[in-house]
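What follows is a short report on a single structure.
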Amino acid sequence: MAHLPRLKLIFTGGTISMLDDGGRGAVPKLAGADILRDVPGLEDFCQPKVHDFGQLPGPHMTPARMFELARLVDKTCCDGFDGVVITHGTDTLEESAFLVDLLHRHEQPVVFVGAMRTSSMLSWDGPINLFQACRVAAHPKCRGKGVMVVMNSTINAAWEVTKTYTEALDTFQSPDTGPLGIIDGGEVLFYRGPVSYRRIETARLEHDVALVIAAAGMDGRMIDYLVERGEKAIVIEALGRGNLPPAMARSAAAAVERGLLVALTTRCWGGRVSGTYGYDGGGARLKEAGLLFAPGLPGHKVRLLLMAALGAGMDKEEISTWLARHEP
């Protein structure tokens, strides 16, 4: 009999395991074994082993828990499993997937999966999403492709994917690059591989990293407050190509002068930040002031990246070099 891939199925809770709770809304209630009863046929192509990590809604996930999850994935791969599937609440799924991908050092595929409808709704998408996630994790083509997100018959890379709509079944998309591939019936099809491999080795995260979103007319009070509070780094989601209102830009520059790492990305869904504009608050001025440009990532992912990089002891120059080396 041919060897069937051994998969560790890590259930963190989230929307894939939710029931309505007395009319007060949906809450996590189902354990991994409960969910698997609605997913027949897994044993035909893999050997699933359940691990109940918790029953956590997406907003209850923290960087510390994400780091713990990454350590569990690492141990699972070292124990010889052929792949890992992780169920997760969709609100923070892309953040957990991104951090696990950043820390993942093995060839075994890791697949995150969620559901946009609860188990008490008509046409709950949890079982089919989980079935397809296991199909991807068990597939030999997936080795070496890092961490992926599988939902709605679509395969996206953790680095590139984002939640684009609050409740649509096809909410997880990669606006800049498109998906890695699809699941067509029982067949796993890849259009391409990941853009590049980016890894950071660290035994801890630096948690004092803040995120600020720029908007028209904002001043620098929030940045000033974060500096006084003792943050180690600040991520700013800037306007457009990487520009800030003048008062906000002055506070960002002052934060750099005081020794903080200030990273700039854009609040736009897609595209990169660049030093295009030379007016007061423009990207060219911000680059001159020493802000670190983090192209191609939204602020919530840049925040996790800096948590890992600073936790690894990297300084601003090393982080800048790392970003440039791993830019697509």
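The values are calculated or read from the model by the stated rules, or taken from the named source; none is laboratory data. Remember, predicted model here, so these are calculated numbers, not experimental data. Neighbour counts are summed over all protein chains in view; Cβ atoms, including those assigned to glycine, are modelled from backbone coordinates with ideal geometry. Each accessible area value is taken on the protein alone, full model and side chains, heavy atoms only, with ligands, DNA and RNA left out. Shrake-Rupley method; radii C 1.70, N 1.55, O 1.52, S 1.80 Å.
What to note about this one:
- Count of the range 250-261 residues, restricted to those that are among the small types (Gly, Ala, Ser), open to solvent by 10 Å² or more (accessible area, probe 1.4 Å) and in contact with a strand residue (DSSP E or B) (Cβ under 9 Å, 6 or more places away or on another chain), is 1.
- Residue match in the range 262-285 (condition: touching a residue at least 40 places away in the same chain (Cβ under 8 Å), open to solvent by 60 Å² or more (accessible area, probe 1.4 Å), under 26 Å from Ser174 (Cβ atoms) and assigned to a loop (DSSP other than H, G, I, E, B)): yes
- Here the range 1-38 is the region considered, the condition is being modelled with pLDDT of 90 or more and within 13 Å of Ala138 (Cβ to Cβ), and the residue that is surrounded by the fewest Cβ atoms within 10 Å (Cβ to Cβ) is Leu4.
- Check on Arg303, farther than 19 Å from Ala158 by Cα, open to solvent by 40 Å² or more (accessible area, probe 1.4 Å) and either modelled with pLDDT of 95 or more or assigned to a helix (DSSP H, G or I) (or both): no
- Unmet requirement for Ala138, which otherwise passes all of (1) modelled with pLDDT under 95; (2) closer than 25 Å to Val195 by Cα: (1)
- Condition check for Gly296: within 20 Å of Glu95 (Cα to Cα), surrounded by 18 or more Cβ atoms within 10 Å (Cβ to Cβ) and at pLDDT below 95: yes
- Every test in (1) touching a Cys at 6+ places or on another chain (Cβ under 9 Å); (2) open to solvent by 40 Å² or more (accessible area, probe 1.4 Å); (3) not aromatic (Phe, Trp, Tyr) is passed by Leu42 save one, and that test is (2).
- Residue match in the range 153-164 (condition: touching a Gly at 6+ places or on another chain (Cβ under 6 Å), open to solvent by less than 20 Å² (accessible area, probe 1.4 Å), at pLDDT 95 or above and assigned to a strand (DSSP E or B)): yes
- Ala133 of a type in the set (Gly, Ala, Ser), at pLDDT below 95, crowded, with 23+ Cβ neighbours inside 10 Å and closer than 24 Å to Gly186 by Cβ: no
- Residue in the range 196-212 that is at positive phi and small (Gly, Ala, Ser) present: no
- Among residues of the range 87-103 that are open to solvent by 10 Å² or more (accessible area, probe 1.4 Å), those with a Cβ under 6 angstrom from a residue that is of a type in the set (Gly, Ala, Ser), sequence gap 6+ or separate chain, pair up as Asp91/Gly58; Thr92/Gly58; Asp101/Gly146; Asp101/Ala158; Leu103/Ala70.
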